[in-house]
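Participant: Sharing a structure here in structure tokens format.
Please treat every number below as a calculation from the coordinates, not as lab data. Since this is a predicted model, take the numbers as computed values, not measurements. Neighbour counts are summed over all protein chains in view; Cβ atoms, including those assigned to glycine, are modelled from backbone coordinates with ideal geometry.
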Amino acid sequence: MVRAMAEAIVQVEHLRKEFNGTVAVADVSFQVRRGEIVGLLGANGAGKTTTIQVLLGLTTPTSGLVKIFGMDFERHRIAILQRSNFCSAYTALPGNLKVWENLLVFAKLYQVKDHRRKTDELLELLEITPLRKHITGHLSSGESTRVNLCKALLNDPELLLLDEPTASLDPNIADKVRKLLRRVQRERGITMIYTSHNMRDVEEVCDRVLFLNKGRVVAEGTPRQIIDQFQQQSLEDVFIQVARSGDLLAEEGK
Ligand SMILES: Nc1ncnc2c1ncn2[C@@H]1O[C@H](COP(=O)(O)OP(=O)(O)O)[C@@H](O)[C@H]1O
Ligand SMILES: [Mg+2]
């Protein structure tokens, strides 16, 4: 299969991150290949956001190796970040600006060529053209998620990091966002790492998932493989099993 041989876009080896003695990520290793959407799952506090923040250079690892696009993160940080972007349910764009003003600020920041055309194209893609002149702070959560995604696509990222992008969305909008992400992945071949607590999200969007528990990977595979491996009926059942018995698995790995 050609897909299986695609190049590794993200390589994480023995990543560890401590915050003043609190171990957020104990020992995490994984790879993400070009064009894959990989889900990071796990209970609150499992280390998902910290892992994403390391990949964004927002926090420095205590130890371990991170390579993105085949380049060492420490040494090629700027080059890597220019080819990446992110979207999180928990980081809002400045609320007092209009949608188009926010997008203009980011387009300038990313030095997007022909930014008017680019912005218009993305507003169309995300079906939010009518929101152009709206005040960002007055948008509903579904609208602001899509504006955030629009921002995240402005620099044509090859790697998109999504931290709970569908949190706080109603099922209808969440469904639209899922379909949209798949479409963007299909049409633009963007590699994505995706965290979510919504197993429906994950089954629909992700090619492969990694289950984290207490800062360690306790399962890895396609949603189907993981369901079979844990002899459960659904990914949600696996999630519950991992959250409740993952302590034991983590103990073994210490
Ligand atoms: N800046 C920080 N300072 C101290 N502890 C932190 C910090 N960020 C995260 N942690 C701790 O690290 C652990 C993992 O957090 P996080 O990566 O946010 O998990 P998740 O996103 O899976 O819910 C948690 O116990 C959290 O309290
Ligand atoms: Mg988190």
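Participant: Residues of the stretch 1-30 being surrounded by 15 or more Cβ atoms within 10 Å (Cβ to Cβ) and either within 13 Å of the chain's Cα centre (by Cα) or without any contact (Cβ under 8 Å) to a residue 40 or more places away in the chain (or both), which ones?
Facilitator: Answer for the stretch 1-30, where residues must be surrounded by 15 or more Cβ atoms within 10 Å (Cβ to Cβ) and either within 13 Å of the chain's Cα centre (by Cα) or without any contact (Cβ under 8 Å) to a residue 40 or more places away in the chain (or both): Ala6, Val10.
Participant: Given Val38, Val32, which one is under 12 Å from Leu210 (Cα atoms), within 16 Å of ligand 1 (Cβ to nearest atom) and among the β-branched types (Val, Ile, Thr)?
Facilitator: Numbers: Val32 fails: within 16 Å of ligand 1 (Cβ to nearest atom).
Within the list Val38, Val32, the selection yields Val38.
Participant: (1) more than 16 Å from ligand 2 (Cβ to nearest atom); (2) of a type in the set (Phe, Trp, Tyr); (3) more than 28 Å from Arg182 (Cβ to Cβ): which one isn't true of Phe69, the others all being true?
Facilitator: (3)
Participant: Another one. Have a look at Asp163, Asp201 and point out the one that is of a type in the set (D, E, K, R), touching a Lys or Arg at 6+ places or on another chain (Cβ under 7 Å) and crowded, with 20+ Cβ neighbours inside 10 Å.
Facilitator: Values: Asp163 fails: touching a Lys or Arg at 6+ places or on another chain (Cβ under 7 Å).
Criteria check complete, one pass: Asp201.
Participant: Still on this model: Do we find that Gln231 is at positive phi and without any contact (Cβ under 8 Å) to a residue 12 or more places away in the chain in this structure?
Facilitator: Numbers: at positive phi: yes; without any contact (Cβ under 8 Å) to a residue 12 or more places away in the chain: yes.
The answer is yes for Gln231.
Participant: Mind checking which helices (runs of 4 or more DSSP H) fall wholly inside the stretch 45-113 and carry at least 3 residues that are more than 16 Å from ligand 1 (Cβ to nearest atom) and in contact (Cβ under 8 Å) with a residue 12 or more places away in the chain? Give the derivation first.
Facilitator: Details: elements: 48-55, 73-82, 99-109.
It comes to 73-82, 99-109.
Participant: With (1) in contact with a Leu (Cβ under 6 Å, 6 or more places away or on another chain); (2) more than 25 Å from Val238 (Cα to Cα) as the list, and Phe30 as the residue in question, which single condition is left unmet?
Facilitator: Failed condition: (2).
Participant: Name the pairs: first residue in the stretch 156-167 and within 11 Å of Asn85 (Cα to Cα), second residue within 11 Å of ligand 2 (Cβ to nearest atom) and not in a loop (DSSP other than H, G, I, E, B), Cβ to Cβ under 8 Å, at least 6 apart or on different chains?
Facilitator: Within 8 Å, the pairs are Leu161/Ile52; Leu162/Ser88; Leu162/Thr195.
Participant: Can we say Gly142 is touching a residue at least 40 places away in the same chain (Cβ under 8 Å), surrounded by fewer than 20 Cβ atoms within 10 Å (Cβ to Cβ), over 24 Å from His14 (Cβ atoms) and small (Gly, Ala, Ser)?
Facilitator: On the way: touching a residue at least 40 places away in the same chain (Cβ under 8 Å): no; surrounded by fewer than 20 Cβ atoms within 10 Å (Cβ to Cβ): yes; over 24 Å from His14 (Cβ atoms): yes; small (Gly, Ala, Ser): yes.
No; evaluated as a whole, the condition is false for this residue.
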